[in-house]
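These notes are about the structure you will find just below.
The values are calculated or read from the model by the stated rules, or taken from the named source; none is laboratory data. These numbers come from a predicted model, not from an experiment. As a convention, Cβ positions derive from the backbone with ideal geometry for all residues, glycine included, and neighbour counts pool all protein chains shown.
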Amino acid sequence: MPTITAWGNTEAGAALSRHMLTIAEPGPDELLLEVLYCGLCHSDLGHIDEARSATDPPVVAGHEIVGRVVALGQGVDPARLGQLCGLGFIAGTCRHCRYCLSGRQTLCANFESTILGRPGGFASHVKAHQDWVLPLPDGLDPAAAGPLLCAGVTVFEPLLGGAISPTAHVAVIGVGGLGHLALQLARAWGCEVTGITTSANKRDEILSLGAHQVQLLGELDQQQGAYDLIINTSNHALDWDAVVGALAPDGCLHQLGLCPTPIPLRVFPFVKGNLSFRASLTSTPANSIKLLEFCARHQIQPLVEVLPMDQINTAIARLRRGDVRYRFVLQGPA
Ligand SMILES: NC(=O)c1ccc[n+]([C@@H]2O[C@H](COP(=O)([O-])OP(=O)(O)OC[C@H]3O[C@@H](n4cnc5c(N)ncnc54)[C@H](OP(=O)(O)O)[C@@H]3O)[C@@H](O)[C@H]2O)c1
Ligand SMILES: [Zn+2]
Ligand SMILES: [Zn+2]
């Protein structure tokens, strides 16, 4: 059994420390990646805070991985050995339920997450099913590409899945790891783009990320009927009447931030305006491949601050207080 080095915690909120762990050899259709880089997503914080007991195996987060294939399970094409690849939040699905068969694998009841119940990417190595380990196209910087595999594909889903027209006006609430990619993608998609922020000091950066306009979140009630699509990456309770009021007829509020409190929405504006509310979890391998190609073609890349893996506690502390422009990437070796 391979021994790996991994950064994890066993009690909620505790600092991460280095652990030696053993994992099973790659099974049929699985690959082992040597982790070169791994982004730090806001969802990792929730996972780290779920650690419960010193007697449990450490929680090892990290699901925006760029790595090299170093071992293959049975049935994997030998040509994949040595490939430079990316891996996101999902590491495998059943492949034979109705959702897998129709290419909607994120809905598979038996999906395996890269970080739930197993060590994720803040480690020397990570294991995943070959369908979810995607070759990086030429033209993407491996040090910056990791966040495309979670943040990037998550915000691409509203454009792709919502079949958003290039004539649409798209607004993005929250310009963090997800939001700064949503702005770039929506601009390259051809849309009119507005960045909606709580941080007035991000204004110039938001414009340079592709937004045509910047709007302060607290002044959203002045934007009645403005947007065809609002991609909400914030996980905070908002003035939901103002958010819904800012949708144009036929508009959609696409919720991506994991807001822990219920979202109270009045029905009448939805009925009157033919509005919709959508939400989604990451996206499929097919959409991830499209995203990687789209980003390579349009020179879209995450703005990252790269730190060595042993500075992961600094990155976590700074992400918790919003002190990041716009994504931390931890560089191996762990
Ligand atoms: N659905 C999915 O599949 C999926 C995938 C990945 C992540 N997520 C979730 O998406 C959310 C965002 O993740 P992230 O990695 O982008 O986080 P992040 O980098 O921390 O960005 C979150 C942004 O929220 C905004 N914000 C901060 N305080 C706020 C407040 N009081 N009110 C409103 N907005 C505020 C900030 O943008 P401004 O400074 O511009 O206001 C901040 O940059 C998290 O809940 C994460 O768990 C979901
Ligand atoms: Zn994530
Ligand atoms: Zn399935």
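Filtering region 25-58 to residues that are among the β-branched types (Val, Ile, Thr) and touching a Ser or Thr at 6+ places or on another chain (Cβ under 7 Å) leaves only Val35. For Leu253, the test of being assigned to a strand (DSSP E or B), within 12 Å of Ile173 (Cα to Cα) and out of contact with any His (no Cβ under 8 Å at 6 or more places or on another chain) is passed. Checking Leu217, Leu207 one by one, the residue that is more than 20 Å from the chain's Cα centre (by Cα), at negative phi and in contact (Cβ under 8 Å) with a residue 40 or more places away in the chain is Leu217 and no other.
For region 3-41: of the residues being in a loop (DSSP other than H, G, I, E, B) and farther than 26 Å from Arg95 by Cα, which is modelled with the lowest pLDDT?
Gly13
Of the residues Ala91, Ala144, the single one that is buried (at least 18 other Cβ atoms within 10 Å of the Cβ), touching a residue at least 24 places away in the same chain (Cβ under 8 Å), within 17 Å of the chain's Cα centre (by Cα) and under 16 Å from Val329 (Cβ atoms) is Ala144. Here is the figure for region 42-96: residues that are within 17 Å of Phe122 (Cα to Cα), modelled with pLDDT of 95 or more, more than 16 Å from ligand 1 (Cβ to nearest atom) and of a type in the set (Gly, Ala, Ser) total 1. When the residues of region 111-167 are filtered to those that are outside the structural domain of Arg95 (by TED's automatic domain parsing) and away from ligand 1 (no atom under 16 Å from the Cβ), the one that is farthest from Leu87 (Cα to Cα) is Thr167.
Are any of the residues in region 267-276 touching a residue at least 40 places away in the same chain (Cβ under 8 Å), outside the structural domain of Ala12 (by TED's automatic domain parsing), surrounded by fewer than 19 Cβ atoms within 10 Å (Cβ to Cβ) and touching a Ser or Thr at 6+ places or on another chain (Cβ under 9 Å)? No, every residue in region 267-276 fails to be touching a residue at least 40 places away in the same chain (Cβ under 8 Å), outside the structural domain of Ala12 (by TED's automatic domain parsing), surrounded by fewer than 19 Cβ atoms within 10 Å (Cβ to Cβ) and touching a Ser or Thr at 6+ places or on another chain (Cβ under 9 Å). If you go through region 299-334 and pick out every residue that is outside any loop (DSSP other than H, G, I, E, B) and not aliphatic (A, V, I, L, M), you end up with 11. Checked against (1) more than 16 Å from ligand 1 (Cβ to nearest atom); (2) without any contact (Cβ under 8 Å) to a residue 12 or more places away in the chain, Lys290 passes all but condition (2).
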